[in-house]
Amino acid sequence: MKIVKDFELKEITTFHLPARCAWFATYDSEDELRDLLAGELCKTNKVMQIGGGSNLVFTSDFDGVILNTEICHIDTISQPGDEVVLRVGSGVVWDDLVKFCVEHNYYGIENMSYIPGKVGASAVQNIGSYGAEVKDVITRVRTMCVADGSIRYFDNSECRYAYRDSIFKKELKGKYIVTEVEYKLSTTPRFNLEYGPLKRLADLPDLTIAKVRDEIIAIRCAKLPDPKYVGSVGSFFTNPIVDSAFFEKFIELHSDAPHYLLDDGRVKIPAGWLIEHSGLKGHRCGGAVVWEKQCLVIANIDNALPDDVVRLYRFIIETVKDSFGVELVPEANII
Ligand code: EPU
């Protein structure tokens, strides 16, 4: 266990905004986490668990304890038939897990290559990309109760997964900390090539899981800022979901807008398209900018301050609302 006082958060969040927290506590086992939660520090301060800092926007300093998991195991539990179960510590870097699975030919998460963040956050946020969502491979989630340190498992259905959402972001926010996630993957090839630019891979006679990963990485790198050089939280907003009555009027006016019909009759419209067609591509506030190749992303291109990001994201919400009557909701966790 390591506790640091007055900690600079700039380097541990992917947005790289300057902000500090009063205490930064790293643990590498459930026992250490239990001790931390029972200790004076956590009992007398605000406590926040982070999962790789890839979805956090600190708009000011955090006057409390930030908990950082380094529970880092990947246990393989073989199964009869063509499935494998992996029990993975919450502190494993998500893309390290994807790489591990690709190397072992475990199919199911390769489309989510390169998503920043850690395994614990994958189960809270229900991460997804290129036609895949992590909820489809999570069997259960092991958590620790913040109030009393007890262990509780949540089955997939108890997690109440929805688009970028789960019970851990809603009713149980701040009440349970994910310590381990169990994934069920396939050991025989099962590709998911429904996402437009992936369809052409279906015709390759010698398609491998590694090729799918390479393709995903190439698509991401072409559209999204490279986290090594440019700070961002990936998508800043979720794609809005509108009802069918609203959509009918909307599509009459904007027949070229991409959209996806959902099972319940509602329609998802890409926020990136709405932002671009509100004229905001490349719009800048201080060091923060609407990323030209994917307007859903706000990037820190020049030592952005928290206030630059706040001004920019509020301006985006206002402008899109004025242009289309749709209110965007941040996907990022704004603190
Ligand atoms: N589009 C534009 N302009 C833009 C951005 C997008 O016109 O600036 C259009 C595209 O041409 C396309 C449509 O909008 O027709 C959808 O774009 P894209 O396929 O890039 O996906 P997205 O809906 O914008 C979502 C996820 C991404 C994920 C991609 C691919 C959300 C909030 N975002 O973006 O997730 O990588 O699909 O699956 O659901 C992330 O969460 O950090 C993230 C990057």
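The values are calculated or read from the model by the stated rules, or taken from the named source; none is laboratory data. Model, not experiment: these values are computed from the prediction. Here Cβ is always computed from backbone atoms with ideal geometry, including for glycine, and neighbour counts include all displayed protein chains. To get the accessible areas, we keep the full protein, side chains included, count just its heavy atoms, and leave off ligands, DNA and RNA. Shrake-Rupley method; radii C 1.70, N 1.55, O 1.52, S 1.80 Å.
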How do the helices (runs of 4 or more DSSP H) wholly within the range 239-335 filter down when requiring 3 or more residues that are open to solvent by 70 Å² or more (accessible area, probe 1.4 Å) and modelled with pLDDT of 95 or more: which remain? 244-253, 306-324
If the Cβ limit is 7 Å and pairs must be 6+ apart or interchain, which residue in the range 208-234 that is open to solvent by 60 Å² or more (accessible area, probe 1.4 Å) pairs with which residue that is within 12 Å of the ligand (Cβ to nearest atom) and not basic (Lys, Arg)? LYS223/GLN294; PRO227/THR14; PRO227/PRO116
When the range 155-192 is checked residue by residue, the ones that are more than 16 Å from the ligand (Cβ to nearest atom), assigned to a loop (DSSP other than H, G, I, E, B), of a type outside the set (A, V, I, L, M, F, W, C) and buried (at least 17 other Cβ atoms within 10 Å of the Cβ) are ASN156, ARG160
Residue pairs qualifying under the 7 Å Cβ cut-off, at least six apart or on distinct chains, with the first in the range 185-196 being touching a residue at least 60 places away in the same chain (Cβ under 8 Å) and over 9 Å from ALA132 (Cα atoms) and the second being of a type in the set (Gly, Ala, Ser) and outside any loop (DSSP other than H, G, I, E, B), are LEU193/ALA202
Which condition breaks for GLN294 when tested against (1) over 17 Å from ILE115 (Cβ atoms); (2) touching a strand residue (DSSP E or B) at 6+ places or on another chain (Cβ under 9 Å); (3) not aliphatic (A, V, I, L, M)? (1)
Look at SER232 and say whether it is within 15 Å of the ligand (Cβ to nearest atom) and small (Gly, Ala, Ser). yes
Which of the residues spanning the range 10-20 are more than 14 Å from ASN303 (Cα to Cα) and part of a loop (DSSP other than H, G, I, E, B)? ILE12
How many residues are within 8 Å of the ligand (Cβ to nearest atom) and in contact (Cβ under 8 Å) with a residue 40 or more places away in the chain when one looks only at the range 277-290? 1
Which numbered condition in (1) buried (at least 16 other Cβ atoms within 10 Å of the Cβ); (2) not in a loop (DSSP other than H, G, I, E, B) is the only one that ARG152 fails? (1)
Which of the residues belonging to the range 235-256 are more than 10 Å from the ligand (Cβ to nearest atom) and either acidic (Asp, Glu) or within 20 Å of GLY196 (Cα to Cα) (or both)? ASP243, GLU248, GLU252, SER255
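Condition (residue is without any contact (Cβ under 8 Å) to a residue 24 or more places away in the chain, within 15 Å of the ligand (Cβ to nearest atom) and more than 23 Å from the chain's Cα centre (by Cα)) applied to the range 257-276: is it met by at least one residue?
Yes: one or more hits.
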PRO227 is checked against (1) at pLDDT below 95; (2) within 10 Å of the ligand (Cβ to nearest atom); (3) in contact with a Pro (Cβ under 9 Å, 6 or more places away or on another chain) and fails just one. What number does that condition carry? (2)
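Does ARG200 satisfy being assigned to a helix (DSSP H, G or I) and out of contact with any helix residue (DSSP H, G or I) (no Cβ under 6 Å at 6 or more places or on another chain)?
yes
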